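*Asks:* Pasting a structure here, questions to come.
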Amino acid sequence: MSRRGFGNHRSGGGGHRDAKQLSRNKNRFARLDPDIQSRYDDLDDEPAVPVRANTTAPSIRGRGPTSNPFNRSTQSIVNTGVRNADIVFKCRAVGAAKKIEAKWLIKQLNQKIENFKPILWDENTRGDFEWFVRDEDTAQTIKMNSRRILHKDTGMRIELQYSRVPAPWMQLKRSEIEIIHNVVDKRYNPEKRLLDLSNFHADEEFTSKDMLMNLTKGNVMLTVLDHIDDKYGNIVALSLSNNRLRHLDYASALVSIAKFVKELDLSHNHISAEKDLEKFSGLPVQSLFFEGNPIVETFTQKSTYISYIHKTFPRCSMLDGVEVQPLDVTPEEININEVMPFRAGYYPNSHIRLIVEQFVVAYFDLYDGPEGQRTRKSLHNAYDADSSVFTLTIKHLNGSTFQRHHNDDVYRQYVQLSHNVFEQEHFSRNRASRQARGAMDIAVALSKLPTTHHMKDTFIVDVFLFTNDLVGFTVQGLFIDGDLTKDPCPSFFSRSFLVSPRENDSVAVVSDQLFISTASVERLERFKKLYDQSVVHGAAVEQVSSVQIAQIGVTGMGFDGAPPPEMRQQMTAAMCQFSGMTPAYSEKCLADCGWNYDFACTKFTEIRAAIPAEAFAAQ
């Protein structure tokens, strides 16, 4: 492998600084980013940023301040006082590193915290885990979970803290960020879901502008990772080869961002510490290229080298292009609550959010009120005429104090229709009579239920299924039933709908499952915590492009509003003929314009000069 250009000294030229000046600059940069080495080639281009070293660090148990100012701990990194740094949040799990593994704690935090992406995860000398997050809401949620995470083997409840600190990385200019994004974009292969970031610093867009954008710089690496998180989180192959990487502190955030990477290339970097590779633990890597790193030369036997790799990537079956036997990994017992933790207010895209919320408001406006038993008959229009089904279950849930329903007559109305799948022996004989099928039968069944008033300000909506033909979502919250004039005690409900698309952005319910439970004090407290968390985070709306939606596989009019496949092919062929673009780009243009052919042609004419050359078919 050619190493030409690595560590070359510049020769001649006026204004070249002396060795003493370079040594002073080295000290600055080592504090800012320990990955930057003392290569004159790099140092001459690096902007001189004044820093303020922390020379008055408090002593630790009488040992005095740290004697080595270039220690690689996050303590030394964060105390650089970088000018124009963002304010971030330094989190700490007090004493956790003494008793538990970092991998276990990260998994627990991922389950409890939305969008948890730790940066510079490390262990300090006091046995604490430390890391940074950039969002204050995330930091506050971490603090809220203090002593609520229990490690059963040790009996330890994890104490979590955070503080506001300057970021240990410099800000990049907006123009620099845009150029980095452009370089990343052109290196992505959508067909293979591969992102090639090898020799990143040597990209023509950087060298032509005399820009030093090494991935050894924390701010450059974080900018790249943010862009991967925004656009390429589904990659299955990633190359970081030939990037002079000595440490993987910043790059370790990939574990929380690119969770599907099976092919990883870290070859021909400068990784020399065994513990650095462990920071990628958690990625499902099956093929790894790691040759050309100094750490590899320390292994004298092939088996020792393979064992070292398997500590981090136990499923690795291809190492440096050679097949190896992966470790026998016993599948863990699946806990659905851990695999799919509840995410309050999730919507796949803004269009689906609009459809779902309009449906929920309109549905419960007809369902509720003193005249609800009469107005619910109009809900037959909300259900599929023949294929819809409605079931009801009323049951006290385990885990909270038993509480009797506030009104026995109301309770009996529910029980007459209640169907509990956990008590098959009791209900199997009458299952048919406890299900309502078809729009008219469902409307009649709903009209026989007690009058209700649902508290819409307590609603939490979560979309759990999204295809072109079906959308599934759950609405849960509090409601009151029976005699509404007497202000009865609230009850808890969870209602799951499966709906299929109809014309004019309307939907028809094909499945309606209603669950009702009394709202004990414990249940109300749990629901309030869930509700508070959803308020803090707001609705999570995943940005899905119209091209991605169009590729789901449509038969007839679907939730994306795309035409049937035959018409789509005809429109794509016409667009190819008009524009000269390939079918893939022609389809993308139509999808981005909502499959409006005239508008797509107009838009193509406007942006013709900005379309890349590969979009056009070879003449």
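Computed from the coordinates by the stated procedures, all read-outs in this text should not be read as laboratory data. Values in this document were obtained by computation on a predicted structure and should not be read as measured data. Here Cβ is always computed from backbone atoms with ideal geometry, including for glycine, and neighbour counts include all displayed protein chains.
*Asks:* Can you list the residues, at least 5 places off or on another chain, whose amide H is less than 5 Å from the amide H of Glu159, using H built in the peptide plane?
*Replies:* Amide H neighbours of Glu159, under 5 Å, 5+ apart: Val94, Arg147.
*Asks:* Quick one: which residues, 5+ away or cross-chain, put their amide H under 5 Å from the amide H of Cys316? H built at 1.01 Å from N.
*Replies:* Amide H to amide H, under 5 Å and 5 or more residues apart or across chains, Cys316 pairs with Leu327.
*Asks:* Counting pairs of Cα atoms in region 74-223, how many percent are more than 29 Å apart?
*Replies:* Tail of P(r) above 29 Å: 32 percent of Cα pairs.
*Asks:* Pull up all non-local amide H partners of Ile394: gap of 5 or more, or a different chain, and H-to-H distance under 5 Å with H placed in the peptide plane.
*Replies:* His419, Ile516
*Asks:* Related question: Considering only DSSP beta bridges where both residues belong to region 185-338, give the percentage that are antiparallel (nearest 5). Before the final figure, lay out the partial values.
*Replies:* Numbers: 4 of 15 bridges.
In region 185-338, DSSP labels about 25 percent of beta bridges as antiparallel.
*Asks:* Along each principal axis of its Cα atoms, how long is region 83-126 end to end? Whole angstroms, biggest number first, please.
*Replies:* Ordered largest first, region 83-126 gives principal extents of 37, 29, 13 Å.
*Asks:* Report the Cα centroid-to-centroid distance between region 222-244 and region 295-321 in angstrom, as an integer.
*Replies:* So the separation of the two Cα centres works out to 23 Å.
*Asks:* Below 27 Å, Cα to Cα, which lysines can Lys588 reach? Residues fewer than 8 away in the same chain don't count.
*Replies:* The reachable lysines, counting only those whose Cα sits under 27 Å from Lys588, are Lys186, Lys192, Lys231, Lys259, Lys603.
*Asks:* For region 245-319, what class follows from the C-alpha gyration tensor (a ≥ b ≥ c being the square roots of its eigenvalues): rounded when a/c is under 1.5, otherwise prolate if a/b is larger than b/c, else oblate?
*Replies:* Working: a/c = 1.83, a/b = 1.25, b/c = 1.46.
Oblate is the answer for region 245-319, as a/c is 1.5 or above yet b/c matches or exceeds a/b.
*Asks:* Around Arg134, under 10 Å between beta carbons, what's the net of Lys plus Arg minus Asp minus Glu among the other residues?
*Replies:* -3
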